[in-house]
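**Q** Right, I'll just put the structure down here and ask away after.
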Amino acid sequence: MAESMVTVQNLSKSYGDFSAVRSISFDLRRGEIFGLLGPNGAGKTTTLECLEGIRRADAGSLSILGVDPGKDPLKLRNLIGVQLQTSGLPPEMTVDEALKLFSAYHGVAPRFDLLDRLGLKEKRKAQYRSLSVGLQRRLTLALAIAHHPPVLFLDEPTAGLDVGSRVELHTLMEELKEQGVSILLATHDMAEAEKLSDRVAILLGGKIVTTGIPREITATGSGLTKVSVSTEQSILLHSPVALPGVQQQNQKEDYAIYFTTDPGATVSSLLETIKQKEDKLIDLRVERPSLEERFLEITQNGEKA
């Protein structure tokens with residue numbers, strides 16, 4: 001098993017009578033992207049803030065490469081890179097000034113190459129307040145990784161980014177992972193988490209309800225495979241048919257959609273039905289449940305997976 005860079009054991013944090021995080025435990029391994037998923041108010045940001053030394057945990061233990069973030073902030077600052085949902089940078093500060101300031105704080109030379117990589121080359125003299133939301137988030141990412149931290153905390157890193165910027169960020173995250181950087185990713189974007197994460201934990205009401213490899217988590221749900229089919233005459237939309245293994249079915253636009261326990265038998269029967277009704281197949285898709293569908297199943301049920 002890979003070395004644990006971050007260890008969280010029985011972390012709890014409350015605000016008055018509200019328990020934001022309730023005795024959660026997980027670890028982040030070297031060269032791993034770990035997705036921390038959950039709806040608003042689940043406890044994702046509170047967990048990150050405790051790890052970043054911004055908040056003190058009420059109970060439990062935290063360790064980042066042997067450093068307790070609540071007790072030794074000086075040792076912590078060069079071990080982690082942080083991209084928060086809001087940066088707190090002065091509105092008048094320019095992109096260049098921000099990079100120089102953060103680099104000086106960490107005792108490293110300014111990484112102007114990151115500005116080029118993240119599409120900020122032409123904005124180096126621009127003030128922070130003049131940047132779009134997407135450009136502001138690119139800048140905060142550059143500041144987070146400028147000192148080559150071994151551990152990176154990203155809180156909704158792609159919020160407000162256009163498609164091109166998202167792809168660039170994903171590529172950069174994969175490169176950092178290959179270099180051995182450990183990334184804790186808090187996100188609402190299930191497709192992003194499924195694509196990038198080696199493991200994920202789903203938070204619900206301040207508790208972790210399931211942890212594991214995305215494919216394993218999707219396999220522990222209802223076990224239904226999604227079969228979507230579109231035909232030339234849309235005969236399946238107008239004349240519903242009984243199919244083997246199908247537990248649920250609905251329609252979306254030009255597609256008849258079936259959720260089945262036996263995709264092979266379902267597809268075989270579908271093709272035979274289309275042929276018998278003298279219709280013509282346009283598109284047929286067989287998909288395993290996505291992490292987003294499993295996430296919705298867990299959060300709607302509110303039960304431990």
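**Q** Tell me whether the stretch 14-36 contains one or more residues that are at pLDDT 90 or above and in contact with a Cys (Cβ under 9 Å, 6 or more places away or on another chain). Outline the logic, then answer.
**A** The first filter runs over the stretch 14-36 and keeps only residues at pLDDT 90 or above, leaving 14-36.
If we keep only those that are in contact with a Cys (Cβ under 9 Å, 6 or more places away or on another chain) as well, we get 21.
Yes, because at least one residue in the stretch 14-36 is at pLDDT 90 or above and in contact with a Cys (Cβ under 9 Å, 6 or more places away or on another chain).
**Q** Continuing with the same structure: So which residues in the stretch 125-148 are surrounded by 15 or more Cβ atoms within 10 Å (Cβ to Cβ) and among the charged types (D, E, K, R), if there are any at all?
**A** Initially, the stretch 125-148 is screened for residues surrounded by 15 or more Cβ atoms within 10 Å (Cβ to Cβ), giving 126-128, 131, 134-147.
Correct list: R137, R138.
**Q** What is the one condition in (1) within 21 Å of V151 (Cβ to Cβ); (2) surrounded by 14 or more Cβ atoms within 10 Å (Cβ to Cβ); (3) modelled with pLDDT of 90 or more; (4) more than 24 Å from the chain's Cα centre (by Cα) that G107 does not satisfy?
**A** Of (1) within 21 Å of V151 (Cβ to Cβ); (2) surrounded by 14 or more Cβ atoms within 10 Å (Cβ to Cβ); (3) modelled with pLDDT of 90 or more; (4) more than 24 Å from the chain's Cα centre (by Cα), only one is false for G107: (2).
**Q** Of (1) more than 28 Å from T210 (Cα to Cα); (2) loosely packed, with under 14 Cβ neighbours inside 10 Å, V241 satisfies all except one. Which?
**A** (2)
**Q** Inspect all residues belonging to the stretch 63-81 and state whether any of them is touching a Phe, Trp or Tyr at 6+ places or on another chain (Cβ under 9 Å), basic (K, R) and without any contact (Cβ under 8 Å) to a residue 40 or more places away in the chain. Show your work before the answer.
**A** First, pick out the residues of the stretch 63-81 that are touching a Phe, Trp or Tyr at 6+ places or on another chain (Cβ under 9 Å): 77, 80-81.
Going one step further and asking which of them are basic (K, R), we end up with 77.
Pick out the ones that are also without any contact (Cβ under 8 Å) to a residue 40 or more places away in the chain and you get 77.
So far as the stretch 63-81 goes, yes, one or more of its residues are touching a Phe, Trp or Tyr at 6+ places or on another chain (Cβ under 9 Å), basic (K, R) and without any contact (Cβ under 8 Å) to a residue 40 or more places away in the chain.
**Q** Of all residues in the stretch 180-189, how many are farther than 11 Å from T158 by Cα and surrounded by fewer than 20 Cβ atoms within 10 Å (Cβ to Cβ)? Walk me through it before giving the result.
**A** Applying the first criterion (farther than 11 Å from T158 by Cα) to the stretch 180-189 yields 180-184.
Filter again for surrounded by fewer than 20 Cβ atoms within 10 Å (Cβ to Cβ), leaving 180.
Selection size over the stretch 180-189: 1.
**Q** Please tell me if P289 is under 18 Å from Q248 (Cβ atoms), at pLDDT 75 or above and surrounded by 12 or more Cβ atoms within 10 Å (Cβ to Cβ). Before you say what the answer is, go through the steps one by one.
**A** On the way: under 18 Å from Q248 (Cβ atoms): yes; at pLDDT 75 or above: no; surrounded by 12 or more Cβ atoms within 10 Å (Cβ to Cβ): yes.
Considered against the rule, which asks whether it is under 18 Å from Q248 (Cβ atoms), at pLDDT 75 or above and surrounded by 12 or more Cβ atoms within 10 Å (Cβ to Cβ), P289 comes out as no.
**Q** Looking only at helices (runs of 4 or more DSSP H) that fall completely inside the stretch 217-302, which ones have 1 or more residues that are free of Cβ contacts under 8 Å to residues at least 40 places away in the same chain and touching a strand residue (DSSP E or B) at 6+ places or on another chain (Cβ under 7 Å)?
**A** Values: elements: 235-238, 263-276, 291-301.
Because the criterion is at least 1 residues that are free of Cβ contacts under 8 Å to residues at least 40 places away in the same chain and touching a strand residue (DSSP E or B) at 6+ places or on another chain (Cβ under 7 Å), the helices (runs of 4 or more DSSP H) in the stretch 217-302 that meet it are 235-238, 263-276.
**Q** Here is a list of conditions, (1) closer than 15 Å to K100 by Cα; (2) touching a Phe, Trp or Tyr at 6+ places or on another chain (Cβ under 7 Å), and Q136 meets all of them except one; can you say which number that is?
**A** (1)
The values are calculated or read from the model by the stated rules, or taken from the named source; none is laboratory data. Just so we're clear, the structure is a prediction, and the values are computed from it rather than from any experiment. Reconstructed Cβ throughout: ideal geometry from the backbone, glycine too, with neighbour counts over all protein chains shown.
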